[in-house]
Amino acid sequence: MGDWWKQWLINLGQSGSLLLKTLDIALVLALTYMILVIISERRTLWMVRGFIVLMLASALSNSLGLPLLNFVLEKLVIGCAVAMAVALQSEFRRFLEQLGRGEFRSLFLPSNRTVPKSDSVIDEIVDAVKELSKNRIGALLILETSGPIDERDFSVPGVKLNAEVSKELIQTIFQPKTLLHDGATMIRGSRIVASGIILPLSGRTASRQLGTRHRAAMGITERVENCICVVVSEETGSISLAERGILNRPLTLTKLKDCLEARLSPTVDREAVAPGLLSLVRQIRSKALALISRLLGLPSTASRDKK
């Protein structure tokens, strides 16, 4: 009888240790999944994957008893974490804001926002820019690329419109005698969200040929990474595109269309990684439950189903 209790306690201690390890792995996978949901651009995902590989290598070196390698890898992990916090400040800020609001469910749900299609919305934008450039009418368009922009990044949010994108509406907004022409217009998916938006200006030293619109486009793309700006100069009619604080100018209409298609196409900028990770978590969970049932001497799910 005493041997049976002793063996039961040993099995209980082993299963408890296994449960803690399983919980540890599950929490790490859940945190990784949330980060991948928040960050959905392909070039950013590769950086996150590299960071995860470094963390796994550090944990493995620690378990294998390699102190020097573990020391070097730990320093690399800390340095990479600081670098990612600077490079992905907008994504981390959105992640922390959702945590602070208690929106835990939204952290596990990939964004279902539709991305502009190159054969409709982009054509409307290019046609509008063509007419504005030909008539030398200044314009500033903000286009979201991978996620919604927080309005707190704007100096003045502007006037809500929520209208379908069309070249006629874009041209009308930027006519000099309209009330909303002297600001930026934001486009989300296939909708014009707002107009008359006042943007923060870039603090970089720029050419004297660049006006307020160009500095505003550089300023918002410096602050927010998930957007690009199209600028039409009022003086020369030249077309520019700002991304990550860098201004690409002058652009032809063909080059502008190519740039918009490359940045707004769902097959180029977005990659469905989070759902695959979720299925991996489910597989790990099922195998962990089967292992725990075997250690405790309980019938497995498959054997119960056969019965």
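The values are calculated or read from the model by the stated rules, or taken from the named source; none is laboratory data. The shown structure was predicted, so the numbers you read here are calculated from the model rather than taken from an experiment. Note: ideal-geometry Cβ built from the backbone for every residue, glycine included; neighbour counts use all protein chains shown. Ligands, DNA and RNA are excluded from the accessible area calculation, which covers all protein heavy atoms including side chains. Shrake-Rupley method; radii C 1.70, N 1.55, O 1.52, S 1.80 Å.
Annotations
- Within the stretch 119-131, residues that are modelled with pLDDT under 95 have Cβ atoms under 6 Å from residues that are in a loop (DSSP other than H, G, I, E, B) and among the small types (Gly, Ala, Ser) in these pairs: Val121/Ser190; Glu124/Ser166, counting only partners at least 6 apart in sequence or on another chain.
- Within the stretch 161-177, the residues that satisfy the criterion of being within 23 Å of Thr221 (Cα to Cα) and either assigned to a strand (DSSP E or B) or open to solvent by 70 Å² or more (accessible area, probe 1.4 Å) (or both) are Leu161, Asn162.
- Residue within the stretch 74-92 that is open to solvent by 90 Å² or more (accessible area, probe 1.4 Å), modelled with pLDDT under 75, among the basic types (Lys, Arg) and part of a helix (DSSP H, G or I) present: no
- Pick from the stretch 119-154, criterion polar (S, T, N, Q) and assigned to a loop (DSSP other than H, G, I, E, B), ranking: nearest to the chain's Cα centre (by Cα): Ser146
- Gly158 falls short of the stated requirement of being more than 23 Å from the chain's Cα centre (by Cα), at pLDDT 90 or above, farther than 23 Å from Ala262 by Cα and buried (at least 17 other Cβ atoms within 10 Å of the Cβ).
- Looking across the stretch 224-256, just one residue is part of a helix (DSSP H, G or I) and surrounded by 18 or more Cβ atoms within 10 Å (Cβ to Cβ), and that is Leu256.
- Residue in the stretch 215-253 that is nearest to the chain's Cα centre (by Cα), counting only those that are under 20 Å from Pro176 (Cα atoms) and polar (S, T, N, Q): Ser240
- Selected residue (only one of Ile187, Ile197 is open to solvent by less than 10 Å² (accessible area, probe 1.4 Å), more than 22 Å from Leu256 (Cα to Cα), at pLDDT 90 or above and not in a loop (DSSP other than H, G, I, E, B)): Ile197
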